[in-house]
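Here's the structure, in C-alpha cells; my notes come after.
The values are calculated or read from the model by the stated rules, or taken from the named source; none is laboratory data. Just so it is clear, the structure is predicted and the values come from calculations on it, not from any experiment. Note: ideal-geometry Cβ built from the backbone for every residue, glycine included; neighbour counts use all protein chains shown. These area figures cover heavy atoms from the full protein model, side chains too; ligands, DNA and RNA do not enter into them. Shrake-Rupley method; radii C 1.70, N 1.55, O 1.52, S 1.80 Å.
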Amino acid sequence: MAMNDSQKKRLENVWEALKHDKIAIFSIAFLAIILLLSLLAPVLPLEPNKTDVSHMLEAPSSVHIFGTDEVGRDYLARVIYGGRISLLVGVLAMLMSITIGVTVGILAGYLGGIVDSILMRIVDVLQSIPWLILVTVVSIFFKQGLVSIVIVIGFFSWMEIARLVRAEVMSVKEREYVLYADFTGVSLLKMVIRHLIPSVLPTIIIAATTSISNAIMTESSLSFLGIGIQEPLSSWGKLLQSAQSNLQNAVYMAIIPGLLIMLTIFAFNKLGNLLRIYVDPRVMDESK
C-alpha cells in the first residue's frame with residue numbers, strides 16, 4: 001500500500017531528527033541488536049545453564065567473551081537469555097499497564113461526573129503509596145515467578161498513564177468533531193475507537209515506551225532484592241543479585257548487566273521521542 005503525503009511527511013520528520021541526533025541512531029541500533037539476540041537466542045549455540053567448575057569466574061576472553069560466572073557458566077549466554085526475560089517482562093507489563101491506564105483515563109475524562117470522581121480517587125489512593133514499596137510488598141504475597149512479576153508491575157504502574165490520558169481526553173471531547181459525533185448519537189465504543197484514541201495516541205506512545213523502561217527497572221530492582229525472577233530463569237536484575245558475592249573477584253558480572261539495563265532504558269526513551277515525532281508532526285515543527 002502506497003504511503004500518502006501525510007505519512008511521507010512524518011517519515012521525513014523522523015529522518016530529519018535522526019540526521020541531527022547520533023545518540024538516537026545508536027539507541028535504535030542498540031535496541032535492534034538486543035531484540036535480535038533475544039529472539040534468536042534459542043537457535044544460537046549458547047547454553048546458559050551448562051556448568052563447568054574447572055572454569056569458574058574466568059575473566060572475559062576469546063573463549064568466553066563475557067567471562068564465566070561462579071559455577072563456570074558462559075556469562076554471554078546468561079546475559080542474552082537474561083535479556084529475553086527482562087524485555088519480556090517490560091513488554092508484557094507495559095501492555096497491561098497501558099490497557100488499564102488508557103481505559104481508566106478515557107472513561108474518567110470522557111464520562112466525567114461521578115465516574116471521574118470515583119476513578120480519580122482510586123488513582124489518588126494508589127499514587128499516595130510509594131510505588132516501589134507497594135510493588136515490593138504485594139510481590140511478597142504472590143508466588144514468585146515470571147507471570148506474577150508481570151502482573152504485579154503491570155497492575156501497579158498504570159496510574160500516571162490514566163492521568164495523562166484523562167487530561168488529553170478532557171481537552172479532546174470539547175472539540176467540534178467530537179461534540180458533533182456525540183450529538184449524532186455515536187456509541188461510546190465507536191467514539192473511543194474513531195476519535196478519542198487517535199487523538200491521544202502520541203501520549204499513549206510516549207507512555208508505552210516509558211512504561212517498558214520503568215518495568216525493566218522495577219523488575220531489575222525486585223530481582224536484585226531476591227523477590228523477582230527466580231531460578232532457573234534469569235534476568236539482568238537477577239544477574240546483578242548473583243554478582244554481589246563476587247564483586248572483588250569478577251566485577252564484570254555486575255558491570256555488564258548493569259550497563260545493559262541503563263542503555264536499554266535510555267534507548268527506549270529515545271525511541272519514544274522518535275515515535276512521537278512520527279505520530280504527531282507538530283513536535284518536529286515546535287522544535288525548529
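Of everything in the range 241-251, what is open to solvent by 40 Å² or more (accessible area, probe 1.4 Å) and touching a Ser or Thr at 6+ places or on another chain (Cβ under 9 Å)? Give them in sequence order.
The one that is open to solvent by 40 Å² or more (accessible area, probe 1.4 Å) and touching a Ser or Thr at 6+ places or on another chain (Cβ under 9 Å): Gln241.
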The range 257-282, residues that are open to solvent by less than 20 Å² (accessible area, probe 1.4 Å) and either touching a Phe, Trp or Tyr at 6+ places or on another chain (Cβ under 7 Å) or at positive phi (or both): Pro257, Ile261, Ala267
Pairs, please: C-beta under 7 Å, at least 6 apart or cross-chain, first residue on the phi < 0 side of the Ramachandran plot and in the range 203-215, second modelled with pLDDT under 90 and not in a helix (DSSP H, G or I)? Ser211/Ser157; Asn214/Ser157; Ala215/Ser157
Yes/no for Val115 being touching a helix residue (DSSP H, G or I) at 6+ places or on another chain (Cβ under 8 Å), among the β-branched types (Val, Ile, Thr) and within 25 Å of Val91 (Cβ to Cβ): no
Can you name every residue in the range 142-173 that is open to solvent by 50 Å² or more (accessible area, probe 1.4 Å) and either modelled with pLDDT under 85 or among the hydrophobic types (A, V, I, L, M, F, W, C) (or both)? Phe142, Lys143, Gln144, Val147, Ile151, Phe155, Leu164, Ala167, Met170
Out of (1) among the polar types (S, T, N, Q); (2) open to solvent by 20 Å² or more (accessible area, probe 1.4 Å); (3) more than 27 Å from Ser148 (Cα to Cα), the one Thr68 does not meet is (2)
Residues of the range 5-28 satisfying the condition of being surrounded by fewer than 11 Cβ atoms within 10 Å (Cβ to Cβ), modelled with pLDDT of 70 or more, in a helix (DSSP H, G or I) and not hydrophobic (A, V, I, L, M, F, W, C): Lys19, Lys22
Taking into account only those residues within the range 136-158 that are in contact (Cβ under 8 Å) with a residue 24 or more places away in the chain and over 18 Å from the mean Cα position of the chain (by Cα), which is nearest to Leu225 (Cα to Cα)? Thr136
Phe268 is checked against (1) assigned to a helix (DSSP H, G or I); (2) modelled with pLDDT under 85 and fails just one. What number does that condition carry? (2)
Does Phe183 fit the bill of being of a type in the set (Phe, Trp, Tyr), free of Cβ contacts under 8 Å to residues at least 12 places away in the same chain, more than 15 Å from Leu107 (Cα to Cα) and surrounded by fewer than 20 Cβ atoms within 10 Å (Cβ to Cβ)? yes
Quick check on Ala254: is it within 15 Å of the chain's Cα centre (by Cα) and either open to solvent by less than 30 Å² (accessible area, probe 1.4 Å) or among the charged types (D, E, K, R) (or both)? no
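For (1) part of a helix (DSSP H, G or I); (2) touching a residue at least 40 places away in the same chain (Cβ under 8 Å); (3) out of contact with any Lys or Arg (no Cβ under 6 Å at 6 or more places or on another chain); (4) open to solvent by 70 Å² or more (accessible area, probe 1.4 Å), each residue gets a yes or a no:
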site: Ser54; (1), (2), (3), (4): yes, no, yes, yes
site: Glu58; (1), (2), (3), (4): no, no, yes, no
site: Val63; (1), (2), (3), (4): no, no, yes, yes
site: Gly72; (1), (2), (3), (4): no, no, yes, no
site: Gly83; (1), (2), (3), (4): yes, yes, yes, no
site: Val91; (1), (2), (3), (4): yes, yes, yes, no
